[in-house]
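First comes the structure, then the notes that go with it.
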Amino acid sequence: MNSVTKTLCLWLLLAIQVNAETSGSLAITGSYFPKSLDESFDTNITAEAKVIGYEELSHFQLVYEFIFRKSLNDSGMDIVEPRQFFLSKTFGEIDAYLGYRHTFWGVVESKNLVDLINQHDLAAGISADNRLGAPSISFETYLGSGDFQYWYIPRFRERTFNEQNAHPGLGLPVLPAQFAHTKRSKAPDHAIRYGNSIGDIDYALSVFDGTAREPIIRVEEMSSIRPYYERMRSIGLELQYTGDSILYKFEGLNGTQGEEDFNAAVMGIEKTVYSIFETQWDMGLIIEYQYDDRVQALIDRTLVSGIRLTSNDEFDTSLLVLYTDDHEFSQSLFGLEASRRLRNGMTLDLKYLLYKSDEQNLPFYSFVDDSELSLTLGYYF
Amino acid sequence: MKFMQIIIIALISCLFAANVYASDGRGLEIATELDVRDNGFGDTTSTMTMTLFDQYGNSTSRKIRNRTLEGTDEGDLSLVIFDTPADVKGTAFLSHTKRSGSDDQWLYLPALKRVKRIASSNQAGPFMGSEFAYEDISSQELEKYTYKYLRNEAYNGLDCFVVEYDPVDRKSGYSKQIVWIDTKEYRSHKIEFYDRKESLLKTLEYKGYSQYNDKFWRADVLEMENHQTGKRTVLEFDDWKFQTGLTAKDFNKKSLKKVR
């Protein structure tokens, strides 16, 4: 985050104090890492503030969403982030956007392969809403009844990482990234996407040409780690069939990363059972199968299965249990997320992650000490 | 011969089944007139405060904005935007009602910027934790029920038709609805909802009707009481506007992302 952006953030914070179209949240998270090793901390406290709003300017609309995060023990999580800070204007049928923008591409639940516009704010966690704004010029319009998007991203944003002694920490200091492209982070990305629905089927096709979002992690002289970003060209496909109470989903990505061709796909089924045991609760059953043959993928083939319970009451209580299992080897991840509204504008979230692996040479073995129990109290205004 | 018997029995059962689902002439006439009188509203926008009361009288409120576009070939298109509770602010729910079969529904989750197509067979499920089911708030297409005229009866000093609405869709949470419709303006004033076991489940009352554009009647307050749980939900509408110039493009996936 350079000083210009920081100044902008401060200016914005002052500006929005008089603007009614502003909302936001404050969240405090306490985390406990029961299997933490000696070299890592075993508790952490993180505070995050989010400010969201928009303003009608004379010729444009200004939209912003800023994240301010501070962690007690893990400076890798600290961030002042313009997740959205853009001007938009509509020219006839075309919406144009200039600035930092956040979007979502994809249909599945466990891993959105085609969601390539925004870099992951990985230090904040693997959750789908942890993304960095994409500095971009983008256009959206209708093609027939479909939605067509074009994105030009002139500046690459690197993935964030936790501190070496944090959770999940890489255990070694992270050196500045290297890039395959001579222009490094200034090598631009281009992306297009077309999405539409035919009856019960929603589909989208996208093309991406730019710097790969996922780095290859290289260990240098066993004393430090260096992320290496390849160039990537890919075609993405999203498909969803929506039945009465069942969803069939597919996301596929095919292309080249560096010199290597690759294939990756996630396919899944989500079945909802309504009013279980004659209560207001609904139960969703999720099964997703992931395949990824890229070099940076921790596991080639993964089966994710889970249950989602929703209360449908005024507290919006929900519980999601996901079990990620590597069939070939004995490693797994058990995840539980529960949330509940305490009263209007106040929420409580519980998260539990448990990594299991018996063999030292398996990727999940290095995460076993990162098993986590955390509680988040959120206040929304 | 046995084969023929099966066919004859099957045909007879079809006839009986058809009879069960058929409307009587007068019931259908009344429901059609109610529908016709609201034809041509074009589009509407309104704001709504939804207050949930539990059985002990504790209450909590939500603020919601509604936009509806009258359907031509298919059912109405509707967009619901949540302003409070603050933790779901900006969440939007888009529904393309079908005259028959399941509606198409999408949800916009603002934190993720994600538009999610959702399965819509849950019409009997509660809307936002309230006593209103999705099927109560979705657009009331004529084809969704069969109708039986029961009697005329005074209600709140108005002469009313009392008509039984029988849902066509088996996934409906109701066995029947009894509807009080005034004979002069064809407005619904009270609906009794009976659950699948034929017990009285809920009563909905419409209060404070106003007429807009010299034609269209809308109630200011809808009060739903659940007799089985003692819970209650009150919807208070405000700021009704008709024919604001909305088009189908304001009711698609792309427009969901731009909702403010």
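Every read-out reported here was derived from the displayed coordinates using simple, explicitly stated rules and does not represent laboratory data. Quick caveat: nothing in here was measured; it's all calculated off a predicted structure. In this analysis, Cβ positions are derived from the backbone assuming ideal geometry, glycine residues included, and neighbour counts consider all displayed protein chains.
Within the stretch A:294-346, the residues that satisfy the criterion of being within 14 Å of chain B (Cβ to nearest Cβ) and either among the aromatic types (Phe, Trp, Tyr) or part of a loop (DSSP other than H, G, I, E, B) (or both) are A:311, A:312, A:313, A:314, A:315, A:316, A:317, A:344, A:345. Return the residues of the stretch A:347-375 that are under 27 Å from residue B:89 (Cα atoms) and either more than 14 Å from chain B (Cβ to nearest Cβ) or surrounded by fewer than 16 Cβ atoms within 10 Å (Cβ to Cβ) (or both); say none if nothing qualifies. Correct list: A:348, A:350, A:351, A:352, A:374, A:375.
Considering the conditions (1) more than 12 Å from every other protein chain (Cβ to nearest Cβ); (2) within 27 Å of residue A:247 (Cα to Cα); (3) in contact with a helix residue (DSSP H, G or I) (Cβ under 9 Å, 6 or more places away or on another chain), residue A:282 is excluded by exactly one of them, (1). Considering the stretch A:236-255, the residues that are surrounded by fewer than 20 Cβ atoms within 10 Å (Cβ to Cβ), free of Cβ contacts under 8 Å to residues at least 60 places away in the same chain and within 13 Å of chain B (Cβ to nearest Cβ) include one that is nearest to the chain's Cα centre (by Cα), namely A:248.
Taking the condition out of contact with any His (no Cβ under 6 Å at 6 or more places or on another chain) and in a strand (DSSP E or B), does residue B:36 pass?
Values: out of contact with any His (no Cβ under 6 Å at 6 or more places or on another chain): yes; in a strand (DSSP E or B): no.
In short, no.
Restricting B:256, B:246 to those that are more than 14 Å from every other protein chain (Cβ to nearest Cβ), touching a residue at least 40 places away in the same chain (Cβ under 8 Å) and either under 22 Å from residue B:90 (Cβ atoms) or buried (at least 17 other Cβ atoms within 10 Å of the Cβ) (or both) reduces the list to B:246. The residues in the stretch B:94-112 that are within 10 Å of another protein chain (Cβ to nearest Cβ), touching a Lys or Arg at 6+ places or on another chain (Cβ under 9 Å) and over 22 Å from residue A:105 (Cβ atoms) can be counted, and the count is 1.
Yes or no, residue by residue, for (1) in contact with a Leu (Cβ under 9 Å, 6 or more places away or on another chain); (2) more than 14 Å from every other protein chain (Cβ to nearest Cβ):
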residue	(1), (2)
A:187	no, yes
A:190	no, yes
A:199	no, no
A:202	yes, no
A:207	no, yes
A:214	no, yes
A:228	no, yes
A:234	yes, yes
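For the stretch B:53-93, the set of residues classified as within 13 Å of chain A (Cβ to nearest Cβ) and basic (Lys, Arg) consists of B:62, B:63, B:89, listed by residue number.
Scanning the stretch B:76-134 for residues that are assigned to a strand (DSSP E or B) and touching a His at 6+ places or on another chain (Cβ under 9 Å) turns up B:77, B:78, B:104, B:105, B:106. Note on the stretch A:17-32: among residues that are part of a strand (DSSP E or B) and of a type in the set (Val, Ile, Thr), the one that is nearest to the other protein chains (Cβ to nearest Cβ) is A:22.
Being among the aromatic types (Phe, Trp, Tyr), crowded, with 16+ Cβ neighbours inside 10 Å, in a strand (DSSP E or B) and under 18 Å from the mean Cα position of the chain (by Cα) is the requirement here; does residue B:206 meet it?
On the way: among the aromatic types (Phe, Trp, Tyr): yes; crowded, with 16+ Cβ neighbours inside 10 Å: yes; in a strand (DSSP E or B): yes; under 18 Å from the mean Cα position of the chain (by Cα): yes.
For residue B:206, the condition - among the aromatic types (Phe, Trp, Tyr), crowded, with 16+ Cβ neighbours inside 10 Å, in a strand (DSSP E or B) and under 18 Å from the mean Cα position of the chain (by Cα) - is met.
When the stretch A:260-272 is limited to residues that are farther than 15 Å from residue A:112 by Cα and surrounded by 14 or more Cβ atoms within 10 Å (Cβ to Cβ), the one that is farthest from the other protein chains (Cβ to nearest Cβ) turns out to be A:262. I'd like to check something: does the stretch B:113-135 contain any residue that is away from chain A (no Cβ under 14 Å) and in contact with a Pro (Cβ under 8 Å, 6 or more places away or on another chain)? Within the stretch B:113-135 (the criterion being away from chain A (no Cβ under 14 Å) and in contact with a Pro (Cβ under 8 Å, 6 or more places away or on another chain)), the answer is no, since none of the residues qualifies.
May I ask you to list the residues in the stretch A:245-279 that are among the β-branched types (Val, Ile, Thr) and farther than 29 Å from residue A:320 by Cα? Lay out the reasoning, then the answer.
We begin by selecting, within the stretch A:245-279, every residue among the β-branched types (Val, Ile, Thr); these are A:246, A:256, A:266, A:269, A:272-273, A:276, A:279.
Result: A:256, single match.
Scanning the stretch B:138-146 turns up at least one residue that is crowded, with 21+ Cβ neighbours inside 10 Å and part of a strand (DSSP E or B).
Filtering the stretch A:273-288 to residues that are buried (at least 17 other Cβ atoms within 10 Å of the Cβ) and touching a Gly at 6+ places or on another chain (Cβ under 9 Å) leaves A:274, A:282, A:284, A:286, A:288. In summary, residue A:378 fulfils each of the numbered conditions (1) within 14 Å of chain B (Cβ to nearest Cβ); (2) surrounded by fewer than 17 Cβ atoms within 10 Å (Cβ to Cβ); (3) touching a helix residue (DSSP H, G or I) at 6+ places or on another chain (Cβ under 8 Å) with the single exception of condition (2).
Only residues that are assigned to a strand (DSSP E or B) and either within 24 Å of the chain's Cα centre (by Cα) or among the hydrophobic types (A, V, I, L, M, F, W, C) (or both) were counted in the stretch A:220-235, giving 10.
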